[in-house]
Amino acid sequence: MNAPPPAPTLPVSLAANPRLSSWVKLTGDGRVAISPGKVEIGQGIVTALAQIAADELDVDIGRIEMIRASTAASPNEGVTSGSLSVQQSGRALRHACAEVRQRFLAAASERLGVDASLLDIHDGTISGPGNVRTSYWELAGDVSLDHDAKAGAKAKMVAKRTVAGHSVQRVDIPDKVFARPRFIHDCPLPDLLHGRVLRPDISGAKLIALDETAIRAVPGLVAIVRDGGFSGVVADSEAAAEAALKALLKGATWSAGEPLPDEADLAGFLKSQPVETTVIDTRTTAATIKKAARTLRRQYIRPYIAHASIAPSCAMARWNGDRVHVWTHSQGVYLLRADLAIVLKLPAENIVVEHMESAGCYGHNAADDVALDAVLLAKAAGGRPVRVQWSRHDEMSHAPFGAAMAIEIEADLDADNEIVGWRHAIWSNGHAARPGRAAQPALLAATEITTPYPRMISTNPPAANGGGGDRNSVPLYELKAWTITSHRLLTMPVRTSALRTLGGQGNVFAIESLLDEIAALRGEDPIAFRLRHLRDERAKEVIRAAARRAQWKPQKQSGIGHGVGFARYKNTGAYCAAIAEIEGTDDIRVKRLTLAVDVGEAINPDGVINQIEGGAIQATSWVLKERVRFDRTRITSTSWTDYPILTFSEVPAVDVEIVQRPEIEPVGAGEAAHGPVTAAIANACYDCLGVRVRDLPITRDKIIAAMEQAS
Amino acid sequence: MPMIQFQLNGMAAAVDADPEQTLLDVLRGRLGMTGAHFGCGAGECGACHVMVDGRAMASCDMPMWSVADKDVVTVEGLGTAEQPHPLQRALIAEQAMQCGYCVSGILISAAALLKRNPSPTEAEVRTALDRNLCRCGSHNRMVRAVLRAASEMATS
């Protein structure tokens, strides 16, 4: 007996926001307004979503107008993160547009007296036999989209898609090339004032006294704001606001602050803190009892990493009575609104949060913090809008960082050096303290005001959402037994939250490094070793594709090394394999990265390649150069000199192949490359120099230290 | 405050400004030209680059007194959608960005390079862009775009 087919369901974002008109509107000027809840953060998402809509509706992509997310009208799609926008917003839009198309075809059929199955749509014009025709816009009055989406709308077959699945030019790029204002920084509101916030250099210090004498003489000063330990200025120009802040700083007295960990012993710090311990996964099989001949025990360290976006965080806010309008580059307008409502003690309906673009966003940076700063300063602006922009120094010291990690793996090996047991333990702060998710706000100024909230200690998303510190810690490889344990710190002297991949980069670095080491022990080719331990064909294919493309394994040459790394992001997302070619003696340069990626259906293939290239280069920067520096009292890496990132001359050649899977639901590409590239560079370092650096970043000092340890 | 005179995108400009105020502040705050971006305020990231007498320079720490009588070109002066600079066309053709915040500074550095070296090697392009930071990892596409523009300018 056959089970009945499962009832069709709506994509998750559409189920949460079923009203069709909240996603799609035909506008009178022959255009289509598409309103996703996800936002452009430099990843090209608005273009991919426009492609999906253009395809399902059969309109030229030039007719699509992408509406920026706002709590005033947009569907609530939570946060733009986790490489989920194509998956969530894309599926919702595809489904919604398919239903809109059906509704219009039904209306056209009625008006034209032609069976709907005989009608065709071309660029919004609906035509049928006998040269009858109408259009979306002619029918717009007859077709209400104020209906909830129904499950079961049929999207186009893959072969019928002419826009999605093909590379198109990004819709936002011309504005950026011709310097037409698009970034929040470049869009002044009428009557705009400028604000700056006073923040301590000493970590955790509180403002205890403020002498305002010096500042009163600053020309252009409009207001000094003080709310407990929160203080800032409002002025009639940015220059005046800067001058006022300087004067304010002179009059500030701070408490002693809270000590920071010992930067030179991150593992010692991470392993000595109170923790919440979770067993993430265990696997036992009959073979588990097989006696281990030896156990390899290795520790891997990832430092704190800064978002270090090129633009400092910026926001604008304007009060009107007890209502406030906020312009922000937050990743989640509804989530930010929820936190603002808690701090302001206002109903959420009194707050409108509207998204505007900023520079690349790689996770939970200071975008939300600066929004509350602007809201608090704008209270003193008499109804005028206030724009607040953080300094580079604040951006590099007060914004949350990606969390440091200590990862210990014990691998039990039998007499043939085959893996018979695997224990992976992670010590790390949580990787998420995002706004809008808890009863307490996650915003910086909320910890400074008169009745302050405690600093939110980062937690980890549940395993179903890919986990946090434990992300990618469960091997995709067929090992006989494993135990994966996550120790989340309950103290947080250095503020951490979500940065690209969360714990994924650290865990993939650790797993792939140790696998490489075991393959080398066995004298087995590291790619053959990986393929032998994988059953997932998509996984194997990206590894094979990268190997083919890099002509694995090139002849060994002195001073050159090659290494491989692989992961499926979150174990549910994009598959990515990377091969690194490096050169060096006691310092290394990454010459070339060859990657293969499988994202299922690639909506905008060039966009996917762009994201993978970008992720690979950013990961190279993390691996070779980046760590947040601090002494026992303050963050010291507060400028580009103290927090260097990869420069043009240091960037490797990057070559990307997409393994085409148009029949498989698409997933995001933004975070797929970081883990594999990190591991590939580390493994290439071993191939080149014969030492394993297990403590990131891989700098000259670390290589020399590893050489000394090995000798 | 003294009147400071200079050339801005080919036109005579005169600004009544505090001589210590930065050129970036004057461009963005006084003149409403938001192409040059603030990134660090210390001349370390290149987001605010403008051309001064043909050389790409940071405007975020450039006092107005030093701009007097100079020839300043901002990204707004390079080209428009109707009459794009070859570099602007090439950046679009190569889809050479992700967020695009660093792009106006990149355009200026590249334009200054092509002025003094119309047919640079790839290594020369990279060196010329080393004072511009890009965090999204679009470097290689940008380098390809500059080389494309150079060869287009050579044949036209």
Name the long-range amide H neighbours of A:Glu65: under 5 Å, sequence gap of 5 or more, or other chain; modelled H, no Pro or chain starts. A:Val32, A:Ala33, A:Ile34
Beta bridges per DSSP with both ends in the protein assembly as shown, % antiparallel, nearest 5: 80 percent
Footprinting exposure proxy for A:Lys480, B:Lys115 (fewest neighbouring C-beta atoms within 10 Å first): B:Lys115, A:Lys480
Give the order of A:Ser358, A:Ser649, A:Ser81 when sorted by the count of other beta carbons within 10 angstrom, beginning with the fewest. A:Ser649, A:Ser81, A:Ser358
Given R₀ = 30 Å, FRET efficiency for A:Ser117-A:Gln169 by Cβ-Cβ distance, to 0.05? 0.30
Starting from 0.36 nm per residue, how many nanometres of slack lie between A:Arg226 and A:Ile202 once their C-alpha separation is accounted for? 6.7 nm
Amide H to amide H, which residues 5 or more places from A:Val654 or on other chains are under 5 Å from it, using H placed in the peptide plane? A:Leu593
Label point 7 Å beyond Cα of B:Lys115 along Cβ direction - residues of region B:24-59 with amide nitrogen under 18 Å: B:24, B:27, B:35-37, B:46-59
A:Lys379, A:Lys38 arranged by Cβ crowding within 10 Å, fewest neighbours leading: A:Lys379, A:Lys38
For region A:12-176, just run the numbers: alpha carbon Rg, then divide by 2.2 N^0.38 Å, N being how many residues it has. 1.01
Once a ≥ b ≥ c are taken as the square roots of the eigenvalues of the Cα gyration tensor of region B:26-80, is the result rounded (a/c under 1.5), prolate (a/b larger than b/c) or oblate (a/b not larger than b/c)? rounded
Residue separation between A:Ser272 and A:Glu524 times 0.36 nm, minus their alpha-carbon distance, gives in nm 87.0 nm
Computed FRET efficiency, Cβ-Cβ of B:Ala123 and A:Ala464, R0 45 Å: what is it to the nearest 0.05? 0.40
Could you work out how far the C-alpha centroid of region A:121-194 sits from that of region B:84-131, in angstrom? 31 Å
Where the centre of each part is set by its Cα atoms, how far does region B:1-27 sit from region A:513-567, in angstrom? 59 Å
Output the relative contact order of region A:402-502, whole-number percent, from Cα pairs under 8 angstrom with separation of 6+ residues. 37 percent
Nonlocal amide H pairs with A:Phe630, under 5 Å, H built at 1.01 Å: A:Thr636
Using a ≥ b ≥ c from the Cα gyration tensor of the protein assembly as shown (square roots of the eigenvalues), is it rounded, prolate or oblate, where a/c under 1.5 gives rounded and otherwise the larger of a/b and b/c decides, a/b for prolate? rounded
Assuming a ≥ b ≥ c are the square roots of the Cα gyration tensor eigenvalues, decide whether region A:469-571 counts as rounded (a/c under 1.5), prolate (otherwise, with a/b larger than b/c) or oblate. prolate
Suppose a student asked you for the relative contact order of chain B, using Cα pairs under 8 Å spaced at least 6 residues apart; what percent would you report? 24 percent
Step through the residues of region B:34-51 one at a time and calculate ³J(HN,Hα) from phi using the Karplus curve (6.51 cos²θ - 1.76 cosθ + 1.60, θ = phi - 60°), rounding each to whole Hz and writing x for Gly and Pro. 9, x, 6, 10, 7, x, 9, x, 10, x, 10, 10, x, 5, 9, 4, 10, 8
Whole-Hz ³J(HN,Hα) for each residue in region A:363-372, computed from phi via Karplus 6.51 cos²θ - 1.76 cosθ + 1.60 with θ = phi - 60°, x for glycine and proline: what do you get? x, 6, 9, 8, 4, 6, 4, 5, 5, 5
Scoring region A:12-176 by relative contact order with C-alpha pairs under 8 Å, at least six apart, yields a percentage of 30 percent
Step through the residues of region A:102-112 one at a time and calculate ³J(HN,Hα) from phi using the Karplus curve (6.51 cos²θ - 1.76 cosθ + 1.60, θ = phi - 60°), rounding each to whole Hz and writing x for Gly and Pro. 4, 4, 5, 4, 5, 5, 5, 4, 5, 5, 8
Report the Cα centroid-to-centroid distance between region A:43-67 and region A:86-106 in angstrom, as an integer. 12 Å
Region B:1-93 - Kirkwood radius from inverse mean 1/r over Cα pairs (Å): 13.5 Å
So how far apart, in nm, are the two label points at A:Asp701 and A:Ile67 if each is 7 Å from Cα heading toward Cβ? 5.3 nm
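The numbers here are math on the coordinates, done by the rules we state, and not lab data. Bear in mind the structure is a predicted one, so any value in this text is a computation, not a measurement. Cβ sites come from the backbone with ideal geometry, for glycine too, and all protein chains shown count toward neighbours.
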